[in-house]
Amino acid sequence: MTVDANGISELELERYYNPDNSIFSSSRKVVAELNAILFLVLATNLFFLVRYLYQHFILKPIAISYKVRPSYMARFLENGWYSLYYISAFVYGCYLYSQENWTLFPTINLWLGWPIQPFNTLYRTYYLLELAFYLHCTIAIFMETKRKDFYQMLTHHFATFFLVGASYWYRYHRIGLVILWLHNAGDIFLYTAKAINYLQKESKNYVMYVTSELLFVLFVIVFFMMRLVFLPSVLVRTSLFEAFYVSTTYPQFYSTNVCLIVLLFLHMFWFYLILRIIYRKMINGSVEDIRSDSEEDEPTEKSAKNNHLEAEQTSKHQGVRSKSKQQVQSKKNN
């Protein structure tokens, strides 16, 4: 399939002049995207390889040097990996946007000219890498530390994978870039804060402690502004109403918007968890891992005290038994 200098193929031009969405489900479309499908498979496997190398040859030695306890090791490696990815993806997305000739505002720009909006090789590569990453996340979640919100996170990965895949296939790449960008921005602060927090738990490094606390505060602010204010008021609004105003024949219009709204509700759920974490910090002075684990949570202060009391009681019982044995033995000797 021939593609011009702007990355626009014959199929997009055909759809532009003929409002028939069946072209996107045709065999011609599948053949045109065979290279992209192959790249997706290879990139997904590459993510697993790079993740393994980065975790075991860079992050693990760092964790050992800071004496991260074994029960925290897996979580530190996971958070360190995600931190690296989201920083890289965010920078990549910012560069792409800076090279585009359209602007986010007015938001009608996201839809004007569809589907022959320029989609060059660098842009396509970014999109396919993001798609491969979320495919990798969907698989990796079954191998990572089991968390309380496992099913919510799995739903998030499925919804995100469908959104990124559909926006690539149907060429909704402008709004897709913005959605990916705002999600990557918040995740940078989240996973970096968690990774640093695990490093300072044993070392008690004050600078790391302050850094992780500051990053957590920034994460809360960015999460609220980007995912609970900007996403619904700007992106969901334009996807529901402006897109419909421009064209009533957009393919997958309803399914993609349903997935967007599902993501919005998941963000509301996670923000509720964030508020609980803030409340616990204000009451107890300590913060549990965001998206805390179901089986490997740290013991609370109360449980620690209970363990201490149990140990004391056991010691007392052992002392009483020892005394009784000594008295019996002395009577026998007499």
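The values are calculated or read from the model by the stated rules, or taken from the named source; none is laboratory data. As the structure is a computational prediction, the values presented were derived from the model and not from experiment. Here Cβ is always computed from backbone atoms with ideal geometry, including for glycine, and neighbour counts include all displayed protein chains.
Tabulated data for the structure shown
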read-out: Residue within region 127-149 that is over 25 Å from F265 (Cα atoms), part of a loop (DSSP other than H, G, I, E, B) and either modelled with pLDDT of 95 or more or over 16 Å from the mean Cα position of the chain (by Cα) (or both) present; value: no
read-out: Some residue of region 104-116 being surrounded by 12 or more Cβ atoms within 10 Å (Cβ to Cβ), aliphatic (A, V, I, L, M) and closer than 22 Å to F162 by Cβ; value: yes
read-out: Qualifying residues in region 55-71 (those that are at pLDDT 95 or above and either of a type in the set (K, R) or within 18 Å of the chain's Cα centre (by Cα) (or both)) - the one surrounded by the fewest Cβ atoms within 10 Å (Cβ to Cβ); value: K60
read-out: Which listed residue, of A74, A43, A32, is among the small types (G, A, S), more than 20 Å from the chain's Cα centre (by Cα) and surrounded by 12 or more Cβ atoms within 10 Å (Cβ to Cβ); value: A32
read-out: Per-region count, region 160-178, residues touching a residue at least 60 places away in the same chain (Cβ under 8 Å), surrounded by 19 or more Cβ atoms within 10 Å (Cβ to Cβ) and not charged (D, E, K, R); value: 9
read-out: Selection count where residues are basic (K, R) and within 19 Å of P118 (Cα to Cα), scope region 2-35; value: 2
read-out: Y82 being surrounded by 12 or more Cβ atoms within 10 Å (Cβ to Cβ), of a type in the set (S, T, Y) and more than 30 Å from R237 (Cα to Cα); value: no
read-out: Where A89 falls short, out of the listed (1) in contact with a Leu (Cβ under 8 Å, 6 or more places away or on another chain); (2) at pLDDT below 95; (3) small (G, A, S); value: (2)
read-out: Members of region 164-206 found to be in contact with a Ser or Thr (Cβ under 6 Å, 6 or more places away or on another chain), aliphatic (A, V, I, L, M) and either under 22 Å from I37 (Cβ atoms) or assigned to a loop (DSSP other than H, G, I, E, B) (or both), listed by number; value: A166
read-out: Test: V210 is part of a helix (DSSP H, G or I) and free of Cβ contacts under 8 Å to residues at least 60 places away in the same chain; value: yes
read-out: Yes/no for V234 being within 32 Å of the chain's Cα centre (by Cα), surrounded by 12 or more Cβ atoms within 10 Å (Cβ to Cβ), of a type in the set (A, V, I, L, M, F, W, C) and modelled with pLDDT of 85 or more; value: yes
read-out: Odd one out for Y250, checked against (1) buried (at least 17 other Cβ atoms within 10 Å of the Cβ); (2) in a helix (DSSP H, G or I); (3) modelled with pLDDT under 95; value: (2)
read-out: Any hit, region 15-32, residues being of a type in the set (G, A, S) and either within 30 Å of Y191 (Cα to Cα) or in contact (Cβ under 8 Å) with a residue 60 or more places away in the chain (or both); value: no
read-out: Residue within region 140-158 that is surrounded by 22 or more Cβ atoms within 10 Å (Cβ to Cβ), without any contact (Cβ under 8 Å) to a residue 24 or more places away in the chain and of a type outside the set (K, R) present; value: no
read-out: S88 being closer than 21 Å to D187 by Cα and among the polar types (S, T, N, Q); value: yes
read-out: Single match in E296, E288, E312 (criterion: exposed (fewer than 15 other Cβ atoms within 10 Å of the Cβ), of a type outside the set (S, T, Y), within 26 Å of F150 (Cα to Cα) and at pLDDT below 90); value: E296
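One line per residue, one yes/no per condition, for (1) in contact (Cβ under 8 Å) with a residue 60 or more places away in the chain; (2) under 20 Å from P115 (Cα atoms); (3) hydrophobic (A, V, I, L, M, F, W, C):
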position: K201; (1), (2), (3): yes, no, no
position: Y206; (1), (2), (3): no, no, no
position: M226; (1), (2), (3): no, no, yes
position: F241; (1), (2), (3): no, yes, yes
position: S247; (1), (2), (3): yes, yes, no
position: Y250; (1), (2), (3): yes, yes, no
position: V262; (1), (2), (3): yes, no, yes
